[in-house]
Structure formats: C-alpha cells, structure tokens
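Below: one structure, written as structure tokens.
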Amino acid sequence: MPPAKSPRYPLPGFLKGRCTPAVYSKWLDNKADTLLKRDKKRRKPYAAGATDSLYKQLIHKAVLENGQFDPFTGDKLAWELISQWDTSNDQPEGYKKKFALMPTVDHMDPDILEFEICSWQTNDCKNDLNPMEFVALCKRIANYRRTAGYIRKWMSMKKNCGKGGIS
C-alpha cells in the first residue's frame, strides 16, 4: 500500500485542536472559490486569468503569515467558528455578534491580489477600504468621539432616553 499523500495545504500548527484538517480544507476551498468569483464579477484585472488554485495558495500563505490575530485589533481569531454559521434559516438578532472574531479573508487592498486574515467584524467594517484608509477612518471616529461637541451631544441624547429619545 502506498504511503498516504500529504495535503497540499496542511493544517497550520496553531490550528491543531481548534479545527480539523477537513474543516480547514473545506473553508479554504470555499473562500478561494467565493473570492475568485466575486473578483471576476467585479472585473478585477488580476482575477481574469487567476485560478482557484492560485487563490487557495495565497489565502493559505496569509493564514500562515498572520492567521492567529486580527491585524487591526490584535484580537485572537476564533478558528473554531469556521463553517459553523447556520444558513438553514433566518437567525435571531444578535446571532451574528457571536461570530465577530471568526476569521475571514480580506484583500489587503481592493486593487491588489494579496490577502490578509482578519475577524469578520473588522472585515465588515473595513469593507472596500485599504488598510491605510481604514485606519485613518478609525482615527477620525476616535478623535471625534473625544471632542466636547460629541460629548455634549451624547449627554443630551442620554438625558432624553426616557423621554421618547434614544433608548
């Protein structure tokens, strides 16, 4: 009997005990397929001649290089959540929040074929911004939230909560 063939994209060491090789492989296949189809639909030049195999290779590389922690928040990614989302029916309010730290694949820059692994929450917020644009937006938000104008507005809203205002 010939020796067992090793997988092309083996489970990274830091994922042992957090997900199985089969679950990781399925996740990698799904992410590569989904991203390639989306990039082709968006007519990204780099996707025109690309293959699922290339996308898998680049995603696996990103997992190996920075797949343990969200590169923007430093949060440890919850790999045990991959392939756990229940798509069979509508989910109750708050269901999505349980998956905030689930790892997902994001283009580092929407115009370049290079990936990074970040939390679903970060990816959702980042949308189509490149890393510099996203960080700049976060800084603007944080700076504004520290201003006297925002604090007065927030205090006013808080005072009106019981009077038909924000609850």
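Going residue by residue through segment 108-129, is there one that turns out to be without any contact (Cβ under 8 Å) to a residue 60 or more places away in the chain, in the same structural domain as residue 62 (by TED's automatic domain parsing), within 21 Å of residue 40 (Cβ to Cβ) and in a helix (DSSP H, G or I)?
Within segment 108-129 (the criterion being without any contact (Cβ under 8 Å) to a residue 60 or more places away in the chain, in the same structural domain as residue 62 (by TED's automatic domain parsing), within 21 Å of residue 40 (Cβ to Cβ) and in a helix (DSSP H, G or I)), the answer is yes, since at least one residue qualifies.
On the given criteria, is residue 86 buried (at least 20 other Cβ atoms within 10 Å of the Cβ) and among the acidic types (Asp, Glu)?
So residue 86 fails the test.
For segment 92-107, give me each residue that is surrounded by 13 or more Cβ atoms within 10 Å (Cβ to Cβ) and either part of a loop (DSSP other than H, G, I, E, B) or touching a His at 6+ places or on another chain (Cβ under 8 Å) (or both).
100, 101, 102
Among the candidates 52, 75, which residue alone is within 17 Å of the chain's Cα centre (by Cα) and charged (D, E, K, R)?
On the way: 52 fails: within 17 Å of the chain's Cα centre (by Cα).
Just a single option satisfies the conditions, and that option is 75.
Please enumerate the residues belonging to segment 76-103 that are at pLDDT 95 or above and of a type outside the set (A, V, I, L, M).
The answer is 76, 79, 80, 103.
The values are calculated or read from the model by the stated rules, or taken from the named source; none is laboratory data. From a predicted model like this one, the values you see are computed outputs, not experimental measurements. No Cβ is skipped: glycine too gets one built from the backbone with ideal geometry, and neighbour counts run over all protein chains shown.
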